[in-house]
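Peer 1: This is the structure I have questions about; it appears just below.
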Amino acid sequence: MSDSKAMTEAELIERFQSRIDDEQKIEPKDWMPEGYRKNLIRQISQHAHSEVIGMQPEGNWITRAPTLRRKAILLAKVQDEGGHGLYLYSAAETLGVSREELIAALQSGEAKYASIFNYPTLTWADIGAIGWLVDGAAIVNQVSLQRTSYGPYARGMVRICKEESFHQRQGYEIMLALSRGNEAQRAMAQDSINRFWWPSLMMFGPHDAESAHSGQSMKWKIKRQSNDELRQKFVDQTVKQVEVLDMTLPDPDLKWNEGRGHYDFGEIDWEEFKRSMSGGGPCSRQRVAHHVKAHEEGAWVREALRAYQKKQKSQADKAAA
Ligand code: BYC
């Protein structure tokens, strides 16, 4: 630290960038440019909000899961998402922001969360499609984030990826069961794929050329692969999985491109993306209102914790006196 004080801002920035270039992890007490800190708080907290808001569309089916086994699995998955939110909020807090500030930004609409969670879960098949496609898209992104340059975020991602991998499989297993079911079950699964496919592709964010943060985030190795690279990876792997289900993806332009060695696919409806991302999705208001209500109802727990902490501290102070 004393070293850092003797250096000029330009020297500190240069040393910081060379640590990044050398693949060293940046830790909470290390010197970092203010822009790096702010960008990380933005991305990590929005990731945390996505995990927590994502509990709502899935939680909608806990009481209506078709069997006890399905209910137990879904319950565990939704609890995992809450846990992911907590690891991520803790990682953001190491950057000097409080949980209260982060929650206030979510509830005021200042901070975003993944637009996919603004769509409703209308049928049981949606739980399969979310696990398979939404968690599937999340893993493609998050595997890459395990190598992000900020230590607490990278380490959190390792555990999150293991759990997301279980989530993706449980979703695919639901889809597999429905795809082998009767005509109505197959139709329900196909309808769900039709509704969740495009929003899943939107999870990777705008095209690279339109992405406000990508350039700097890639330089700082906060992001290791671009939005378009990751989206392409997801499309390539999902086409094979939908074939096993003997179902289709709702994109007439989807076809193998021998020259590129990848699937070509149609253009995303970016107007819909922008609308859903900025509070105009079908369930946007409901999602935030529910979060506010749950947060208010949990105020007594936070108060009890603070009172307990105060009591512990005063007992420790008395013992030390
Ligand atoms: N939805 O410059 P860009 C899960 C925003 S949840 C809404 O490319 P960046 C799960 C972006 O924030 C896993 N907003 O941004 C949970 C930025 O806005 P601001 C969620 C989006 O950060 C429960 C603006 O657009 N995963 O797995 O370089 C149940 C410009 O974009 C979206 C993560 O959060 C979107 N889809 O790249 C089931 C991963 N896309 O901040 C499953 C971590 C973009 O300027 N996050 N925006 O107001 C990331 O990897 C990156 O933040 C993104 C965007 C790739 C999402």
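Peer 1: Could you list, in sequence order, the residues of region 120-147 that are near the ligand (Cβ under 9 Å from one of its atoms) and either over 19 Å from residue 65 (Cβ atoms) or polar (S, T, N, Q) (or both)?
Peer 2: Hits for region 120-147 are 137, 138, 139, 141, 142, 144, 145.
Peer 1: Here's another thing I want to ask about it. Checking the structure you have, find out if any residue of region 36-58 is away from the ligand (no atom under 11 Å from the Cβ) and part of a helix (DSSP H, G or I).
Peer 2: For region 36-58, residues away from the ligand (no atom under 11 Å from the Cβ) and part of a helix (DSSP H, G or I): present.
Peer 1: What single numbered condition from (1) exposed (fewer than 10 other Cβ atoms within 10 Å of the Cβ); (2) in a helix (DSSP H, G or I); (3) acidic (Asp, Glu) fails to hold for residue 229?
Peer 2: In the conditions (1) exposed (fewer than 10 other Cβ atoms within 10 Å of the Cβ); (2) in a helix (DSSP H, G or I); (3) acidic (Asp, Glu), residue 229 misses (1) alone.
Peer 1: If we keep just the residues of region 255-269 that are assigned to a loop (DSSP other than H, G, I, E, B) and in contact with a helix residue (DSSP H, G or I) (Cβ under 7 Å, 6 or more places away or on another chain), which is surrounded by the fewest Cβ atoms within 10 Å (Cβ to Cβ)?
Peer 2: Among them, the one singled out is 269.
Peer 1: Mind checking which residues of region 273-321 are over 30 Å from residue 50 (Cα atoms) and not in a helix (DSSP H, G or I)?
Peer 2: Scanning region 273-321 gives a single hit, 321.
Peer 1: Just give me the residues in region 94-127 being within 14 Å of residue 49 (Cβ to Cβ) and in contact with a Leu (Cβ under 8 Å, 6 or more places away or on another chain), in sequence order.
Peer 2: 111, 113
Peer 1: Continuing with this model, one more query. Determine if region 187-209 includes at least one residue that is within 9 Å of the ligand (Cβ to nearest atom) and of a type in the set (Phe, Trp, Tyr).
Peer 2: Yes: region 187-209 contains one or more residues that are within 9 Å of the ligand (Cβ to nearest atom) and of a type in the set (Phe, Trp, Tyr).
Peer 1: So residue 84 ticks every box in (1) near the ligand (Cβ under 10 Å from one of its atoms); (2) within 22 Å of residue 174 (Cβ to Cβ); (3) touching a Ser or Thr at 6+ places or on another chain (Cβ under 6 Å) but one. Which box is left unticked?
Peer 2: (3)
Peer 1: Could you please tell me which pairs satisfy a Cβ distance under 6 Å, a separation of 6+ or placement on different chains, a first residue in region 109-123 that is in contact (Cβ under 8 Å) with a residue 40 or more places away in the chain, and a second residue that is near the ligand (Cβ under 7 Å from one of its atoms) and assigned to a loop (DSSP other than H, G, I, E, B)?
Peer 2: Filtered contacts from region 109-123: 114/203; 116/203; 117/54.
Peer 1: Sticking with this one: Please determine, by comparing only the residues of region 102-113 that are within 15 Å of the ligand (Cβ to nearest atom) and more than 15 Å from the chain's Cα centre (by Cα), which one is surrounded by the most Cβ atoms within 10 Å (Cβ to Cβ).
Peer 2: Among those that are within 15 Å of the ligand (Cβ to nearest atom) and more than 15 Å from the chain's Cα centre (by Cα), it is 102.
Throughout, read-outs are computed from the coordinates displayed, never taken from laboratory work. Predicted model only: the values in this text are computed from it and were never measured. Note that each Cβ is placed from the backbone with ideal geometry, even for glycine, and that neighbours are counted across all protein chains shown.
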